[in-house]
Structures are given as C-alpha cells and as structure tokens.
Amino acid sequence: MQSTRTLKDRIFLVIKGLAMGAANKVPGVSGGVVAFVAGFYEEFIYSLQKVNRKAFLLLINGRYKSFYNYINGKFLSLLFFGMVVSYFSVSKVLDYFIENYELYVWSLFFGMILGSIYYINKEFDDWNRSTLITLLIGILVGVSISFLDPATENDNLLFVFFCGIVSVSGMTLPGFSGSFILILLGNYVLLLVDSVNALYDTIYNILGGDFSFINDPLRIRMLKVLAVFTLGSITGLVTFSHILSYILKRHKSKTIATIIGFIIGSLGVVWPWKQTIYKTTKDGNYILDSLGQRIIENYERYMPELNTETALAVLYIIMGILVVLGLEWYGQKTRRIKT
C-alpha cells in the first residue's frame, strides 16, 4: 500500500482526515463513509492491520524507520493528524452550525449519504442472491440501531474502555455512526464533549502557566476518562481492522454489500426532519452535563410540511449529493492523470 505521494496528495490526505474527524463526531454520520467515497478505505484498513506483533517487535528493537514504513506511517500519520485537528477546530464549528442551523446541517449530511450510496453502488457490480441477502441484513441492522433507546451516562472506566472499542466502528464500518452508538450507550456527552473540552482547557491552562487544574478532582477525572477512552479506541481500531482485513480478503463482495446496507440503514438516524429529545427529570427540568449542556436522549422523527424551510432543506440535500458526486469526479480525474 506504500506509494509516492506529492505535496498536493499529502494536503488532501490531511483534509480527508479533517472530514473523517468531523463526521465521526456527528451522531448518525460515519467517518468510514468518507474513507469509502474518497477511495482510501481499503488502504486505511490494511494499514491499521499492519499494527501487529511484527510492528511491535520492530518498535521494541528500536527500528523506528522500519516500523514507520511497515505500518504505512506516512499515510496514517497525515490522516490522524487531520482527525486530531478536526476535533479541536472543524468539529467545534460543526457543533455551532448544528446548534443554530440543525435542519440544514442534517439535510446536507442526508444528501451526502444518498450520494455515497449511489457512488458505492455504481462501483459495485457483483449483485447476486448472497450479496442481496447481506445487503438486507445490513439495512435491518442499521435501521434497528437507529431506533434503540439510549442508556444512562456511566463513567466507570471499564465501561468507558468498552465505549472506546465500540465507538471506532464509525471509522472502520461505513454506515455505523460511532457517535450515535455512544448516544445509545449514554456516554456521548461525557466522552465527546466533556472530556474533550477538559483536555482543551487543560492544554490552554498549561500554555498559560496555570497548573491549578491539578487540584481539580473533576478535571482530573475527565482526563482519566479521556485517556481510557482513547486507549479503548486504539484497541478497537486495531482489532476491527484485523477482522475487516481478513473478511475483505475472503468475502469482499458480501462485505461491501453489507456496508451498503449499513449506510442505507443509517439514513433513519440522519433524517433531517427530527426533533432532538433531551433527558429530563420527573419534574420536566432538563438534565445537564458538567458543562451545563442538555443531554441528548434520542430523536423524534416527523414528516416535513410544504413550506419555504422545507424547500431550502431539500436544496441542501441536493447540495450534499453534488458534493459527493464532485468528489467522485475529482477522484476519477486524479486517477486518469496518474495513469
């Protein structure tokens, strides 16, 4: 999977990482879809699959350059750099737009997923009885997950580690939203809002020479939670990549058909016309997290009325489709130039 990349290729790889990071944070949207449509999904999985016993032996023996080349380090480092930057920049901007223009943001994502389904299906030409069955299974699983009721928040470190393992499904399985899975597990706000903000505030304090956070038990607890969640995510990422690499090599057509099913099933989560349901007490008061934000419980979907707002939302859906088709056109143009 190693290849010579120009400066332009590297910049675009960082941008793809930014897109994956932002997509992973949005409930209902899968970063894996970005990888699939942008054409680097298989390289991503096979590169992660290289994080194995041989890689650790190279690392332990001090053969750092061999380790870096073996795991396709240039590719992974640029991609993950984009994801990390995204969590502290793009995803925060995205949070603002979801808060203030929720319908249009969901409409854009809905259109992008529709475009992704078209793109992946167009590239896939191995439809038969077995792939159609796996497609239906993928759709049923995706739809079923979208209508599950969330659990309550749980900061037990063992459970947080498990959340980390499960949450990376959105990166390795297109159509599975890791963020939405975290909502179902009750820990979306804890792991992707509170703990990330705690890290952001801690970095800001350290740069300003303020170390008073050491005496703040809540801050220290959040940093521990984030560290365990990150460790779980890395574990899940490597584990899932080995499993998927094995499956892709032996059952590629069925795997892709199932992934298409997952993506179709995820449309229920990204349906633009929905009302966010927040957790409340018996008295009807909102339950707030440690930062005073309302905690999402689920979504109540409804059919839109025919008005100007709906028409504008439809335009955003079309725009989302065109974005994916534009990426497809750019990818084909790039491949023609390289060949």
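Worth pointing out:
- Candidate set from the range 199-209 (those that are exposed (fewer than 11 other Cβ atoms within 10 Å of the Cβ) and of a type outside the set (A, V, I, L, M)); member that is farthest from the chain's Cα centre (by Cα): 209
- Residue match in the range 285-302 (condition: at pLDDT 80 or above and either part of a helix (DSSP H, G or I) or among the hydroxyl-bearing types (Ser, Thr, Tyr) (or both)): yes
For (1) under 18 Å from residue 120 (Cα atoms); (2) of a type in the set (D, E, K, R); (3) in contact with a Leu (Cβ under 9 Å, 6 or more places away or on another chain), each residue gets a yes or a no:
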residue: 221; (1), (2), (3): no, yes, no
residue: 224; (1), (2), (3): no, yes, yes
residue: 231; (1), (2), (3): no, no, no
residue: 256; (1), (2), (3): yes, no, yes
residue: 264; (1), (2), (3): yes, no, yes
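- Residues satisfying the stated conditions in the range 167-215, i.e. closer than 20 Å to residue 48 by Cβ, in contact with a Leu (Cβ under 7 Å, 6 or more places away or on another chain) and of a type in the set (A, V, I, L, M, F, W, C): 168, 171
Table: residues versus (1) more than 26 Å from residue 23 (Cβ to Cβ); (2) touching a strand residue (DSSP E or B) at 6+ places or on another chain (Cβ under 7 Å); (3) at pLDDT below 90.
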residue: 186; (1), (2), (3): no, no, yes
residue: 192; (1), (2), (3): no, no, yes
residue: 213; (1), (2), (3): yes, no, yes
residue: 231; (1), (2), (3): no, no, no
residue: 271; (1), (2), (3): no, yes, yes
residue: 275; (1), (2), (3): no, yes, yes
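- Looking at the range 1-115, the helices (runs of 4 or more DSSP H) lying wholly inside it that each contain 2 or more residues that are under 17 Å from the mean Cα position of the chain (by Cα), buried (at least 20 other Cβ atoms within 10 Å of the Cβ) and at pLDDT 80 or above sit at 7-25, 41-49, 73-88.
- Filter result for residue 209 (within 19 Å of residue 145 (Cβ to Cβ) and not aromatic (Phe, Trp, Tyr)): no
Every residue, every condition in (1) in contact with a Pro (Cβ under 7 Å, 6 or more places away or on another chain); (2) loosely packed, with under 15 Cβ neighbours inside 10 Å; (3) under 16 Å from residue 172 (Cβ atoms), yes or no:
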| site | (1), (2), (3) |
| --- | --- |
| 217 | no, yes, no |
| 229 | no, no, no |
| 244 | no, no, yes |
| 248 | no, no, yes |
| 257 | no, no, no |
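- Hits in the range 116-128 - residues which are under 24 Å from residue 310 (Cβ atoms) and either at pLDDT 80 or above or surrounded by fewer than 13 Cβ atoms within 10 Å (Cβ to Cβ) (or both): 117, 118
- Residue count, the range 201-219 (criterion: in contact with a helix residue (DSSP H, G or I) (Cβ under 6 Å, 6 or more places away or on another chain) and farther than 16 Å from residue 155 by Cα): 3
- Being surrounded by fewer than 16 Cβ atoms within 10 Å (Cβ to Cβ), over 19 Å from the mean Cα position of the chain (by Cα) and under 14 Å from residue 269 (Cα atoms) is a condition met by at least one residue of the range 132-142.
- Figure legend. Inter-residue proximity from the range 148-169: first residues assigned to a loop (DSSP other than H, G, I, E, B), second residues modelled with pLDDT of 90 or more, beta-carbon distance below 6 Å, spacing 6+ or different chains. Indicated pairs: 155/225.
The values are calculated or read from the model by the stated rules, or taken from the named source; none is laboratory data. As the structure is a prediction and not an experimental result, all values here were calculated from the model. Virtual Cβ from ideal backbone geometry, glycine too; neighbours counted across all protein chains shown.
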